[in-house]
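Notes follow the structure.
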Amino acid sequence: MNAHLPVSAAREPRTPPTAGAAATRPGLTLLIAAPRGFCAGVDRAIEIVKRALERYGAPVYVRHEIVHNRFVVDSLRDKGAVFVEELDEVPDDRPVVFSAHGVPKSVPAEARRRDLIYVDATCPLVSKVHRQAERQLEKGRHILFIGHAGHPEVIGTMGQVPPGTITLVETLEQAQVVTPPAGVPLAYLTQTTLSVDDTAAITAELERRFPDIAAPRAEDICYATSNRQAAVKQIAPGSDLVLVIGAPNSSNSLRLVEVAERCGTPARLIQRAADIDPLWLDGVGTIGLTAGASAPEALVREVVDHLAQWRTIEERTVVSTEENMIFKLPRELTD
Ligand code: 0O3
Ligand code: SF4
């Protein structure tokens, strides 16, 4: 393990659940990244669904998974939320919440046309990118949007402007060949949950090819995404294996796996503790542990307790930065 890591809290070794065999269990050091897990946008989105259930009673419909985590979705479903993919699955007389990832303009427009009660749980940092897209359109610029095709945030942001005024760029290779309309000024924007390093390479290429391209006023990749990636860079080099708690459709969680692997450390995405194969622990003395922005802290504790079945655990929290971001709830749920 790297002795120079900033370790904020070193705990006593945990006694495994089945005492007696403790002395024979090999030790396992856990380097737990901080920050990890829920960001302010996810906290807010989940709170919106809970408050909508209190205010309107069940069922409250939610368009798309409120955040990309099955545990979160299942617990809200137990409280009376009904998850659907499209508005046409929502009855006329029930409220609907739009997920944290944002929606194309056509979705609230359709909700208004049908006179539905709707609450928008789009993260304010995603909404900020939506507004930038509108502003660039007003300025007559064609937008190169950096993001992953098919992701709901990408569909939502690209749906803020008419088709033909925005072009998706997914990779550095695409940035090298993209041919936007000739003679039209350009701007670029990005998805909020991208790899900081890959995006820097893509934007550098766009700026090299199109020196007058307008950049976002501030980085579109959000604070939570960049902080979680930086935190993995702190733990991965001293770990034999990195576990990332998150869903396979969670963009920000997938990026954390990539960051660990690029540090030269094998990494696994797991949804729950039960996904851990005990064989992964062969020859492993230190595990780095983190969680994507949509994964609850309860799952981190579940993983630690699960590992304690097999090993005597020494937990260390490695803090790379402090976070204290909180977003206000929509007024219609606080009045
Ligand atoms: O965008 P991503 O797939 O990472 O979404 P998650 O996993 O639900 O995490 C929350 C992030 C978000 C709502 C968009 O920025
Ligand atoms: Fe908002 Fe960032 Fe969290 Fe996405 S990851 S919900 S943009 S704070």
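Those strands (runs of 3 or more DSSP E) of the range 109-227 in which at least 2 residues are open to solvent by 50 Å² or more (accessible area, probe 1.4 Å) and either within 27 Å of E47 (Cα to Cα) or within 16 Å of ligand 1 (Cβ to nearest atom) (or both), considering only elements entirely within it, cover 118-120.
Going by what's in this entry, would S99 be described as of a type in the set (S, T, Y), more than 16 Å from the chain's Cα centre (by Cα) and either closer than 13 Å to E47 by Cα or more than 16 Å from ligand 2 (Cβ to nearest atom) (or both)? Judged against the criteria, S99 is not a match.
Screening T317, T312 for residues that are open to solvent by less than 50 Å² (accessible area, probe 1.4 Å), of a type in the set (S, T, Y) and under 24 Å from N252 (Cβ atoms) leaves exactly one candidate, T317. Residues considered: A10, A33, A81. Of these, the only one that is modelled with pLDDT under 95 and away from ligand 2 (no atom under 14 Å from the Cβ) is A10. All of V242, V259 fail the test of being open to solvent by less than 70 Å² (accessible area, probe 1.4 Å), within 16 Å of ligand 2 (Cβ to nearest atom) and closer than 29 Å to E170 by Cα, apart from V259. Taking every residue in the range 104-122 that is more than 13 Å from V62 (Cβ to Cβ) and pairing it with any residue that is open to solvent by less than 50 Å² (accessible area, probe 1.4 Å) and of a type in the set (S, T, N, Q), at least 6 positions away or on another chain, the pairs with Cβ-Cβ distances below 6 Å are K105/Q160.
The set of residues in the range 236-282 being β-branched (V, I, T) and in contact with a helix residue (DSSP H, G or I) (Cβ under 8 Å, 6 or more places away or on another chain) consists of V242, V244, I245, V259, T265, I270, I276. Checking each residue in the range 32-58 for being touching a Pro at 6+ places or on another chain (Cβ under 7 Å), within 16 Å of ligand 1 (Cβ to nearest atom) and open to solvent by 20 Å² or more (accessible area, probe 1.4 Å) picks out only F38.
T29 fulfils the conditions (1) open to solvent by 10 Å² or more (accessible area, probe 1.4 Å); (2) touching a residue at least 24 places away in the same chain (Cβ under 8 Å); (3) outside any strand (DSSP E or B) except for a single criterion, (3).
Go through the residues of the range 225-232 one by one and say whether even a single one is away from ligand 2 (no atom under 16 Å from the Cβ) and without any contact (Cβ under 8 Å) to a residue 40 or more places away in the chain. No, the range 225-232 has no match at all. Annotation note: of T225, T312, the sole residue that is more than 24 Å from I146 (Cβ to Cβ) and of a type in the set (S, T, N, Q) is T312.
The values are calculated or read from the model by the stated rules, or taken from the named source; none is laboratory data. Source: prediction; values computed, not measured. Reconstructed Cβ throughout: ideal geometry from the backbone, glycine too, with neighbour counts over all protein chains shown. The accessibility values were calculated without ligands, DNA or RNA, using every heavy atom of the protein model including side chains. Shrake-Rupley method; radii C 1.70, N 1.55, O 1.52, S 1.80 Å.
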